Amino acid sequence: MAEVKLKSITKYLDGRLVLKDIDLEIEKGARLVLLGPSGCGKTTLLRLIAGFIAPDEGEIFISGKMVSKAGEIVVPPEERGIGFVFQDLALWPHMSVYKNLEFVLKAQGMPKAKRKERIKKMLEMVGLKDLSSRMPAQLSGGQQQRVALARALVSRPSLVLMDEPLSSLDWDLRAHLAKRICKLQEEIGFTMVYVTHDREETRQLATQVVVMKNGTIKGNGEKS
Amino acid sequence: MIKRLILWAAALVLFISGVLPVLSMFYSSLLLDGHFSFSNYLHIFSSEREWILLKNSLTLAFLVSLISLFLGVPLGLLLGKADIPFKRQLSLILCIPILIPPYIMAVSVDNCLGQEGILRLFLPGWVLRSLSDHYFGLGGSVFVLSTVYLPIPMLLTICLLKNVNPSLEEAARLCAKWPLVLKEITLPIIRPGLTLSALLVFVLCLGEFSVPSYLRYQVFSVESFTQFSAVYDFGSATAQSMPLAVIALLLLVAESRYSRKNLFLSTPLVSGTKRLEIALGKSRPYLFILVSCLAFLIVIVPLLSLFYSSLDLSIYEEAIKVAGDALLRSFFYAFLGASLLAVLGFLSAYTIKNRQIWCWRLVDMTSLFLFAIPGTVLGIGLIATWNNPWTQFVYSSLLIIVLGYLARYHVLSSRIILSQLHLISPSMEEAAQLAGAGWLSRMVFILAPLSKRAIMAAWLCVFLFCLRDTDISLIVYPPGCETLPVRIFTLMANGSPGLISGLCMLMVVSVLVPASILWHLRWRR
């Protein structure tokens, strides 16, 4: 069964057609890369899957359950079990690294002892266990990116969406972090939808590539 | 060279119109019969009455800031972030009290509670009598001033919410419901702004004179005004104003330090991205009714009562006869003040944004301080500065009122225009510079047109504040230069209630027309 299924999705923003009749299935455990130029509707597609906006036409299914339909968000974002790494990382500036991760687990009602253990393990996985008390502003770009990744994964979601998370980093760091993302995905086994306009990142990360242009899908295939 | 000259001149106008009066007032409070003396201050600290006045002032300011914050923030969240219907209209209605002279709200509520008031149609006599008995004093002052200053935290919350990076809330929404997101993410991020709004209400309340005076609640600002206007004890009036000025200064310094430590910068919204809106679901109609009832009770009912008690054409004919000239003067002074402040605000905003002169931070802090100190303090200071044989042309003309406006409302124009200048990329000016345009050309042909809407909004906002100004005008107005709020306030002692209501309605309408234009501009943005 597909982890995510988009059925005839159309979306207008401020009267402008952004996505037109999109049909897409993402298999469980896949690393799907959405590739396309700026303004082609990649981010809007992620926001639709996350449940921040509703489609104007069509339906969205996650794990077989309908989560959005035309003009309506059926399942709100917090009940979709999704992790999201934002383009600007969106680390909460008034919270330490530990608190950034803790908020996610606390919102799910996890007991304190279990939270502590889970956060420790997650920070070890991304190589940040010594920086848990730092504030986001005290971290380098690469460290911030790893915190954002840890926060998206700490609740062990089955689906993780990433919106050009490496775009602000230099080439070496990007390559290093792309490898780390692949490793984490293999270890944890989540389904990943990764948005980029960078072909090199696509080559490193994708098991499935979807090419978008002007709000439509121009190509969809497994990576050889 | 010309750039520095113009920017320094703009800063100098602020210092001459605002800082000089405060300093010269402080200096004159240290003189007794031409000799240096602390006796005015010693009198304040040794008199029990002065301590009671201080306690009353602080109690009033504390209660009003607490109430307006606890009502204003939830209202700001509902009207700025939730899908409540008619949010623009409700926001405008709730903002009316801050746009009119505060004492008009006091008169309106008094009208409601009076024997001929509109509430007698709905409430039994004993309830009205009981409410009326409690109205004069602390209770009434807190109610009226909370209504007047409620829009400050409400509007600031709405504006601050627009500055929160949307992805911070989206990241939280992926795992938590709205109440937790607001509590743990949104409100902590905008907390410095909310603190500023509470402090602003506190210091504005501390200096508020007309409402406590009307409702006979003894506070420092009323006493200071009485000492000055009735007894003409300049030294005492000044000394009594100083504690308020010092409290305002200390609070602003503390706030500035706190904000600098806790400021979380946000990124502007990427075009095409929509902010998340709180879907109220089933509670939507109930919350709409709740907010509407609040707006109806604290704004519409008092103003309707004012209208009801002036329902006679002859009242308006008399009102125009008595105060027509004052109304025209009010418009002219406000026009002059707003036009000068639009230019000064633009230059100051440029100075602050680009740190063009070494005292740019002082310009920013001074303008905030001059807004926060009581109008009576500034008014007495202006008289202390300009009432001498060489400067009679200022003291005895409209110039002294305009100088008061320049000092008091400078911060409004500079902050509004500054927020726009921050959105203009520096490369716009750099490109013009590379093309050979001089500084003046760049200002006139590049920055001013790009900031056109902000300049217009600043002009209208300052125009409204000048139009409603009572505190400064009442103290400094020379003979023949009365403004409408001053004329109404002076007539209140012996004018007929019907005429006073008519004059107050005239004032309300005069303010609401430009306010509606400003509102339209704001929402179109």
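The values are calculated or read from the model by the stated rules, or taken from the named source; none is laboratory data. Keep in mind the model is a prediction, meaning the values are calculated, not measured. Here the Cβ positions follow ideal geometry from the backbone for every residue, glycine too, while neighbour counts run over all protein chains shown.
For this structure, a couple of remarks:
- When region B:39-91 is limited to residues that are aliphatic (A, V, I, L, M) and at pLDDT below 85, the one that is nearest to residue B:179 (Cα to Cα) turns out to be B:44.
- Region A:90-109 residues that are more than 10 Å from residue A:136 (Cα to Cα) and at the interface with another protein chain (Cβ under 7 Å from one of its Cβ atoms), paired with ones that are among the small types (Gly, Ala, Ser) and in a loop (DSSP other than H, G, I, E, B) (beta carbon under 7 Å, 6 or more apart): A:104/A:155; A:107/B:176; A:108/A:155
- The set of residues in region B:153-171 that are within 18 Å of the chain's Cα centre (by Cα) and surrounded by fewer than 20 Cβ atoms within 10 Å (Cβ to Cβ) contains only B:159.
- Filter result for residue A:85 (away from chain B (no Cβ under 11 Å) and either surrounded by 16 or more Cβ atoms within 10 Å (Cβ to Cβ) or among the aliphatic types (A, V, I, L, M) (or both)): no
- The residues of region B:237-258 that are of a type in the set (Ser, Thr, Tyr), surrounded by fewer than 22 Cβ atoms within 10 Å (Cβ to Cβ) and over 21 Å from the mean Cα position of the chain (by Cα) amount to a single one, B:258.
- Some residue of region A:14-24 being under 22 Å from residue A:189 (Cα atoms) and away from every other protein chain (no Cβ under 11 Å): yes
- Residue check for residue A:148: surrounded by fewer than 20 Cβ atoms within 10 Å (Cβ to Cβ) and small (Gly, Ala, Ser): no
- Failed condition for residue A:73, given (1) surrounded by fewer than 18 Cβ atoms within 10 Å (Cβ to Cβ); (2) out of contact with any strand residue (DSSP E or B) (no Cβ under 6 Å at 6 or more places or on another chain); (3) not polar (S, T, N, Q): (1)
- Test result for residue A:195, surrounded by fewer than 19 Cβ atoms within 10 Å (Cβ to Cβ), touching a strand residue (DSSP E or B) at 6+ places or on another chain (Cβ under 7 Å) and closer than 23 Å to residue A:19 by Cβ: no
- Scan region A:63-82 for residues that are more than 13 Å from every other protein chain (Cβ to nearest Cβ) and touching a residue at least 24 places away in the same chain (Cβ under 8 Å) and the total you get is 2.
- Residue match in region B:229-252 (condition: within 14 Å of chain A (Cβ to nearest Cβ) and modelled with pLDDT of 75 or more): no
- Of the residues B:391, B:385, the single one that is buried (at least 21 other Cβ atoms within 10 Å of the Cβ), among the polar types (S, T, N, Q) and more than 19 Å from the chain's Cα centre (by Cα) is B:385.
- Some residue of region B:122-134 being within 14 Å of chain A (Cβ to nearest Cβ), of a type outside the set (D, E, K, R) and farther than 25 Å from residue B:63 by Cα: no
- Just one of the listed residues (B:63, B:42, B:31, B:78) is at negative phi, buried (at least 21 other Cβ atoms within 10 Å of the Cβ) and not small (Gly, Ala, Ser), namely B:78.
One line per residue, one yes/no per condition, for (1) touching a residue at least 40 places away in the same chain (Cβ under 8 Å); (2) closer than 30 Å to residue B:276 by Cβ:
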| position | (1), (2) |
| --- | --- |
| B:86 | yes, yes |
| B:90 | yes, yes |
| B:98 | yes, yes |
| B:104 | yes, no |
| B:115 | no, no |
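- All of B:349, B:342, B:326 fail the test of being closer than 15 Å to residue B:418 by Cα, touching a Lys or Arg at 6+ places or on another chain (Cβ under 9 Å) and in a helix (DSSP H, G or I), apart from B:349.
- Note on region B:172-214: residues that are within 25 Å of residue B:142 (Cβ to Cβ), crowded, with 23+ Cβ neighbours inside 10 Å and at the interface with chain A (Cβ under 10 Å from one of its Cβ atoms) total 0.
- With respect to the conditions (1) under 28 Å from residue A:65 (Cα atoms); (2) out of contact with any strand residue (DSSP E or B) (no Cβ under 6 Å at 6 or more places or on another chain); (3) of a type in the set (S, T, N, Q), residue A:133 lacks only one, and its number is (1).
- Some residue of region B:456-471 being under 21 Å from residue B:511 (Cβ atoms) and not in a helix (DSSP H, G or I): yes
- Exclusive hit being on the phi > 0 side of the Ramachandran plot and either over 20 Å from the mean Cα position of the chain (by Cα) or buried (at least 19 other Cβ atoms within 10 Å of the Cβ) (or both), set B:284, B:329, B:355, B:361: B:355
- Helices (runs of 4 or more DSSP H) contained in region A:111-217 and holding at least 2 residues under 16 Å from the mean Cα position of the chain (by Cα) and farther than 22 Å from residue A:62 by Cβ: A:141-153, A:171-188, A:199-205
- In region B:419-440, residue surrounded by the most Cβ atoms within 10 Å (Cβ to Cβ) [restricted to those that are polar (S, T, N, Q) and under 34 Å from the mean Cα position of the chain (by Cα)]: B:420
- Residues in region B:162-176 that are touching a Ser or Thr at 6+ places or on another chain (Cβ under 7 Å) and without any contact (Cβ under 8 Å) to a residue 24 or more places away in the chain: B:175 alone.
- Scanning region B:373-410 for residues that are under 19 Å from residue B:340 (Cβ atoms), touching a residue at least 24 places away in the same chain (Cβ under 8 Å) and β-branched (Val, Ile, Thr) yields B:385, B:400, B:401, B:402.
- Yes/no for residue B:147 being among the hydroxyl-bearing types (Ser, Thr, Tyr), away from chain A (no Cβ under 13 Å), buried (at least 21 other Cβ atoms within 10 Å of the Cβ) and touching a Pro at 6+ places or on another chain (Cβ under 6 Å): yes
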